[in-house]
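Right, one structure below, let's go through it.
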Amino acid sequence: MSFVMTHFAAAMGLLAALLHPGAGAWAAQPDARQHTIAEAAATAQAQCYKHMYRDSNAYAQCLRDLRHAQNGSLPKKLGIEYFAFVGALSYMRVGHLNADQIAAEFLKDYRLTQKKVGISDDALCRTIPGDCVVRMAQTREMEAAPPPPMGLRVQCIGRVCSMVPAK
């Protein structure tokens, strides 16, 4: 009988928490927020990540445009900015040209949005699959020693000129 009463009491407590507009309702909010962030990150990945391999500037611009189209939704903006950072961080590990500059740009941006949204590093990290221990360590390392700004120069080959990193 004690077993049944214990489970009944637990069920009633859960029901009260779900129906009470106070703490129970607040506790559900971060899950919905994380879901929105994760969906925005997945959209950013689907629409923009394909550009990173061939044209990192197109990748960054795609993400900036996507972020601009969010019309004030901070969780969606955060999802896009955080994916932009994570995607660039991934390519940074293999020395991809300009990945460190893109990661630094979106690290700064997502930190500002993260503060407005009020979500922890751990909860944010879990919105994108991967090793959060490693990702958060790399994030802290990058914040402690951001990459220096990249200088650019004009390089012309034949009649085609473009901006390339200064060496």
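The values are calculated or read from the model by the stated rules, or taken from the named source; none is laboratory data. Everything numeric in this text was worked out from a predicted model, so none of it was measured. All Cβ positions, even for glycine, are placed from backbone atoms using ideal geometry, and neighbour counts span all protein chains on display. Please note that ligands, DNA and RNA were not included when accessible areas were found on the heavy atoms of the full protein model with its side chains. Shrake-Rupley method; radii C 1.70, N 1.55, O 1.52, S 1.80 Å.
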Label-to-label distance, nm, for residues given as S73 and D122 (7 Å Cα→Cβ offset): 2.8
Amide N of the stretch 85-129 lying under 15 Å from the label point, which is placed 7 angstrom from the Cα of A42 along Cα→Cβ: 126-129
Rounded to whole Hz, the Karplus (6.51, -1.76, 1.60) HN-Hα couplings of the stretch 112-127, x for glycine and proline: 5, 5, 4, 5, 5, 6, x, 10, 6, 4, 5, 5, 5, 4, 6, 7
Local net charge near L112, Cβ-Cβ under 11 Å (Lys/Arg +1, Asp/Glu -1): +3
All aspartates and glutamates inside 20 Å of K76 as judged from Cα atoms, apart from same-chain residues fewer than 8 positions distant: D31, E39, D65, E105, D109, D121, D122
Sequence of R54, R93 when ordered by accessible area, the most exposed leading, probe 1.4 angstrom: R54, R93
Cross-link pairs beyond the 20 Å C-alpha cut-off, checked among K77/K115; K50/K116; K50/K115: K50/K116; K50/K115
